């Protein structure tokens with residue numbers, strides 16, 4: 001490897017323009033690919049690939065349409081007044097005119113089932129808009145009498161209502177959700193349409209997905225300039241050389257371009273998961289730049305010998321910088337074991353970006369120094385770069401050796417305590433809690449949950465082998481038993497199935513006698529009702545062959561852990577009560593699939609961490625050619641991960657789609673300082689120094705770049721705290737804490753361990 005690197009250095013210094021052309025070519029290609037990078041905001045992107053439940057759900061949607069719909073909710077004590085009903089009718093027509101809307105269901109166009117003597121009729125709840133209070137009162141009475149309307153389109157007390165906007169199928173139309181929400185909001189902001197200036201609440205998966213898109217765009221617009229500004233300030237503070245700042249930022253920018261181009265090449269997109277990639281890669285790219293310039297500035301540079309000093313720096317850092325980039329890449333690459341596409345794509349792009357970062361650092365910074373070597377800034381005395389941090393390392397390094405036993409004992413006690421706290425971690429994918437409590441998405445969802453029985457649904461599919469199976473009383477009884485079970489669950493709101501229609505028709509057929517609000521007693525009667533029914537709404541819940549039907553239950557619970565309990569209990573109920581049924585009964589729906597992320601998150605966390613751990617430390621054993629050094633290096637790099645998990649358990653931060661990748665990512669980053677330290681330690685030992693003087697000298701020489709790079713990483717990660725997404729903010733603060741812990745372990749625990757014995 002050294003021979004290959006020397007050949008590259010020779011090429012760089014003899015043919016710099018060739019390297020420049022290569023850099024320009026890479027920049028151009030990366031820019032083109034970046035501009036083609038798609039944006040994916042749907043939570044469905046997090047659903048596991050090649051999942052039989054996902055395949056079934058797609059087939060289910062072909063029959064019954066999307067189970068994700070847009071809810072436009074409102075609250076007003078005068079909902080059934082003539083004025084307000086005209087307003088609802090006006091808005092209904094405005095929504096129906098939208099190209100993206102398949103169907104609108106509201107109080108003024110919903111079907112009502114009206115009974116008579118041995119007959120019933122289907123007509124709109126509001127046949128004609130009322131002109132007086134008596135007509136309005138009759139409409140209110142009918143709405144509260146019809147169970148398909150009460151609790152579905154209007155709250156039981158009649159003070160809150162909603163529009164249901166069902167969407168058209170839109171495969172491949174990535175801007176569909178954004179376009180629909182924008183049009184709806186524009187209508188509601190138009191004073192000629194919303195002439196009563198009513199306050200509306202938009203909720204549902206569509207709103208959640210579009211909210212992610214909007215907040216993600218805002219995060220990127222915030223993160224990139226803030227991270228750049230922070231890096232510029234920190235580079236200047238640590239390096240005190242504007243040329244060093246300039247070339248470091250050029251290197252970071254090129255690394256970012258290449259990484260995002262790789263994200264496109266691996267089939268990824270800009271999503272809530274990958275939105276943290278730009279600031280993350282900018283921070284990591286800064287690390288090698290700091291090591292390069294710090295080493296360069298601490299060498300004696302006589303006028304006219306800048307290039308010679310540069311070659312010494314490149315050769316000295318070629319191995320440790322490569323190893324740090326490689327091990328960080330391994331940490332990212334370990335995420336490919338995940339079955340969640342964005343996590344896997346994030347890992348692949350970041351791993352490739354780290355390898356590209358090493359190559360770019362060894363190109364951009366040397367070229368920058370070569371072309372500006374006549375600047376006065378490069379020839380400043382190295383004493384100016386041995387400031388406060390360097391003095392502190394010189395003064396305190398021997399203390400680490402002197403207090404080695406107390407340091408090791410304290411580390412052991414802290415590790416045991418954080419392991420205990422780590423057992424308290426919860427696994428949670430509450431999508432609503434991804435948003436801050438004061439966000440419109442959180443407030444609007446809470447409004448619908450509180451007044452109208454929830455917006456998300458749990459779907460139960462029931463499929464028979466024969467046509468007309470769901471005219472049979474025995475099969476209808478199965479639907480009724482499942483629906484009755486759901487009604488007794490605290491998180492379940494309104495439940496609608498084909499039985500809901502049949503019971504309404506049976507009551508209407510018997511002159512609206514409340515005693516007949518039950519399922520028809522015979523197959524013939526059920527068939528007669530279905531024949532007489534001339535509406536369309538029932539076919540959103542059963543196919544026209546009466547062979548496949550669904551139960552749709554609105555849920556007000558968004559906690560994945562509690563939803564998992566409900567779903568597991570529901571599946572157990574179905575398995576135990578209908579073991580011999582001829583029906584295929586399956587829980588499905590978008591809520592169900594998102595909830596399945598729990599197990600995959602835990603599995604991917606454990607698997608990716610194990611893969612990263614094995615590969616990284618196998619590399620360290622080989623590189624350092626010492627079982628003892630390889631084993632010792634494991635300890636200070638395992639401790640920050642344990643501390644991180646312990647903090648999550650202590651303060652209640654859940655394991656979610658963002659925090660799940662922290663362990664695998666940070667173990668690759670945290671090991672960087674260990675590599676630089678142990679590389680310097682071995683160099684000191686190779687010169688004949690005893691163990692403890694070698695430990696002290698390694699702290700003095702590598703303590704400053706290790707500290708400065710850690711501060712850079714902490715600062716860059718801390719910027720993520722300003723994210724609109726709670727998991728991203730949690731990711732940022734946890735990574736920042738992990739970097740601090742890793743630095744402390746590498747400057748205290750690692751030297752203390754090396755000082756204990758031969």
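The values are calculated or read from the model by the stated rules, or taken from the named source; none is laboratory data. Being a predicted model, the structure only gives us computed values, none of them experimental. All Cβ positions, even for glycine, are placed from backbone atoms using ideal geometry, and neighbour counts span all protein chains on display.
If the requirement is being in a helix (DSSP H, G or I), in the same structural domain as residue 176 (by TED's automatic domain parsing) and crowded, with 16+ Cβ neighbours inside 10 Å, which of these qualifies: 80, 87? Break it down stepwise before answering.
On the way: 80 fails: in a helix (DSSP H, G or I).
None of the other options fit; the residue is 87.
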query: Looking at (1) in a loop (DSSP other than H, G, I, E, B); (2) without any contact (Cβ under 8 Å) to a residue 40 or more places away in the chain; (3) in contact with a strand residue (DSSP E or B) (Cβ under 8 Å, 6 or more places away or on another chain), which is the only condition residue 571 fails?
result: (1)
task: Just one of (1) surrounded by 17 or more Cβ atoms within 10 Å (Cβ to Cβ); (2) farther than 23 Å from residue 727 by Cα trips up residue 169, so point out which.
output: (1)
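Of all residues in region 479-509, how many are in contact with a strand residue (DSSP E or B) (Cβ under 7 Å, 6 or more places away or on another chain) and under 16 Å from residue 522 (Cα atoms)?
Final tally of qualifying residues: 6.
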statement: (1) in the same structural domain as residue 543 (by TED's automatic domain parsing); (2) surrounded by 20 or more Cβ atoms within 10 Å (Cβ to Cβ) all hold for residue 434 apart from (1)
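Would you please name the residue that is nearest to residue 346 (Cα to Cα), looking only at residues in region 589-609 that are modelled with pLDDT of 75 or more and in contact with a strand residue (DSSP E or B) (Cβ under 6 Å, 6 or more places away or on another chain)? Spell out the reasoning first.
In the first step, residues of region 589-609 are kept if they are modelled with pLDDT of 75 or more; the result is 589-596.
Narrowing further to those that are in contact with a strand residue (DSSP E or B) (Cβ under 6 Å, 6 or more places away or on another chain): 589, 591.
Details: 589: 26, 591: 24 Å.
Applying the filter and picking the extreme gives 591.
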- request: From (1) surrounded by fewer than 23 Cβ atoms within 10 Å (Cβ to Cβ); (2) touching a strand residue (DSSP E or B) at 6+ places or on another chain (Cβ under 6 Å); (3) closer than 15 Å to residue 73 by Cα, pick out the condition that doesn't hold for residue 161.
  value: (1)
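From the list 422, 397, which one is at pLDDT below 80 and surrounded by 14 or more Cβ atoms within 10 Å (Cβ to Cβ)? Let's see the steps before the verdict.
Numbers: 422 fails: at pLDDT below 80.
Among 422, 397, only 397 is at pLDDT below 80 and surrounded by 14 or more Cβ atoms within 10 Å (Cβ to Cβ).
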task: Scan region 609-621 and report the pairs whose first residue is assigned to a helix (DSSP H, G or I) and whose second residue is surrounded by fewer than 19 Cβ atoms within 10 Å (Cβ to Cβ) and at pLDDT 75 or above, with Cβ atoms within less than 7 Å and a gap of 6+ or a chain change.
output: 617/630; 617/634; 620/630; 621/627; 621/630
- prompt: Would region 479-495 turn up any residue that is in contact with a helix residue (DSSP H, G or I) (Cβ under 6 Å, 6 or more places away or on another chain), without any contact (Cβ under 8 Å) to a residue 60 or more places away in the chain and buried (at least 20 other Cβ atoms within 10 Å of the Cβ)?
  reply: yes
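Criterion first (in contact with a helix residue (DSSP H, G or I) (Cβ under 6 Å, 6 or more places away or on another chain) and in a helix (DSSP H, G or I)) does residue 187 satisfy it?
Yes; evaluated as a whole, the condition is true for this residue.
Name every residue in region 507-517 that is surrounded by 13 or more Cβ atoms within 10 Å (Cβ to Cβ) and either closer than 20 Å to residue 475 by Cα or within 50 Å of the chain's Cα centre (by Cα) (or both), in order of residue number.
Of all residues in region 507-517, those surrounded by 13 or more Cβ atoms within 10 Å (Cβ to Cβ) come to 507-512, 516-517.
Scanning region 507-517 gives 507, 508, 516, 517.
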message: Report every pair of residues separated by at least 6 positions or lying on different chains whose Cβ atoms are under 7 Å apart, first residue within region 266-279 and touching a residue at least 40 places away in the same chain (Cβ under 8 Å), second in a loop (DSSP other than H, G, I, E, B) and surrounded by fewer than 19 Cβ atoms within 10 Å (Cβ to Cβ).
response: 269/37; 269/38; 270/37
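Test residue 239 against the criterion of being surrounded by fewer than 23 Cβ atoms within 10 Å (Cβ to Cβ), more than 19 Å from the chain's Cα centre (by Cα) and either at pLDDT below 85 or on the phi > 0 side of the Ramachandran plot (or both), and give yes or no.
yes
Can you pull out every residue in region 197-246 that is assigned to a loop (DSSP other than H, G, I, E, B), touching a residue at least 24 places away in the same chain (Cβ under 8 Å) and either under 30 Å from residue 184 (Cα atoms) or assigned by TED's automatic domain parsing to the domain that holds residue 91 (or both)?
Kept after step one, since they are assigned to a loop (DSSP other than H, G, I, E, B), are these residues of region 197-246: 197-200, 204, 240-241.
Among the residues that remain, those that are also touching a residue at least 24 places away in the same chain (Cβ under 8 Å) are: 198-200, 204, 240-241.
If the condition is that a residue be assigned to a loop (DSSP other than H, G, I, E, B), touching a residue at least 24 places away in the same chain (Cβ under 8 Å) and either under 30 Å from residue 184 (Cα atoms) or assigned by TED's automatic domain parsing to the domain that holds residue 91 (or both), then 198, 199, 200, 204 are the ones that fit.
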field: Where a residue in region 175-193 is free of Cβ contacts under 8 Å to residues at least 40 places away in the same chain and its partner, wherever it lies, is assigned to a helix (DSSP H, G or I), with Cβ under 9 Å and at least six apart
entry: 182/210; 190/94
Single match in 525, 530, 502 (criterion: in a helix (DSSP H, G or I), touching a helix residue (DSSP H, G or I) at 6+ places or on another chain (Cβ under 8 Å), without any contact (Cβ under 8 Å) to a residue 40 or more places away in the chain and surrounded by fewer than 21 Cβ atoms within 10 Å (Cβ to Cβ)): 525
- prompt: So which residues in region 402-443 are over 20 Å from residue 560 (Cβ atoms) and touching a strand residue (DSSP E or B) at 6+ places or on another chain (Cβ under 9 Å), if there are any at all?
  reply: 440, 443
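Considering 507, 515, 586, which residue is over 16 Å from residue 148 (Cα atoms) and in a helix (DSSP H, G or I)?
On inspection, the qualifying residue turns out to be 515.
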message: Which condition from (1) surrounded by fewer than 16 Cβ atoms within 10 Å (Cβ to Cβ); (2) touching a strand residue (DSSP E or B) at 6+ places or on another chain (Cβ under 9 Å); (3) closer than 21 Å to residue 540 by Cβ is the one that residue 99 breaks?
response: (2)
task: Quickly run through region 434-445 and pick out the residues that are over 30 Å from residue 586 (Cβ atoms), in contact with a helix residue (DSSP H, G or I) (Cβ under 9 Å, 6 or more places away or on another chain) and not in a loop (DSSP other than H, G, I, E, B).
output: 435, 440, 442, 444
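Might you let me know whether region 702-709 holds any residue that is farther than 16 Å from residue 286 by Cα and surrounded by 20 or more Cβ atoms within 10 Å (Cβ to Cβ)? First the steps, then the outcome.
Of region 702-709, the ones farther than 16 Å from residue 286 by Cα are 702-703.
Imposing the further condition that a residue be surrounded by 20 or more Cβ atoms within 10 Å (Cβ to Cβ) reduces the set to 702-703.
Yes, region 702-709 has at least one match.
Output the residue which, of all residues in region 62-77 that are assigned to a helix (DSSP H, G or I) and out of contact with any helix residue (DSSP H, G or I) (no Cβ under 9 Å at 6 or more places or on another chain), is surrounded by the fewest Cβ atoms within 10 Å (Cβ to Cβ). Show your work before the answer.
Of all residues in region 62-77, those assigned to a helix (DSSP H, G or I) come to 62-64.
Checking the rest, the ones that are also out of contact with any helix residue (DSSP H, G or I) (no Cβ under 9 Å at 6 or more places or on another chain) come to 62-63.
Working: 62: 9, 63: 13.
Out of the qualifying residues, it is 62.
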- request: Could you tell me which of the residues 544, 550 is assigned by TED's automatic domain parsing to the domain that holds residue 479 and buried (at least 18 other Cβ atoms within 10 Å of the Cβ)?
  value: 550
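Residues to consider are 50, 118; find the one that is touching a strand residue (DSSP E or B) at 6+ places or on another chain (Cβ under 9 Å) and on the phi > 0 side of the Ramachandran plot. Reasoning before the result, please.
Details: 50 fails: touching a strand residue (DSSP E or B) at 6+ places or on another chain (Cβ under 9 Å).
It is 118.
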statement: Only one of 139, 113 is touching a strand residue (DSSP E or B) at 6+ places or on another chain (Cβ under 6 Å) and buried (at least 16 other Cβ atoms within 10 Å of the Cβ), namely 113
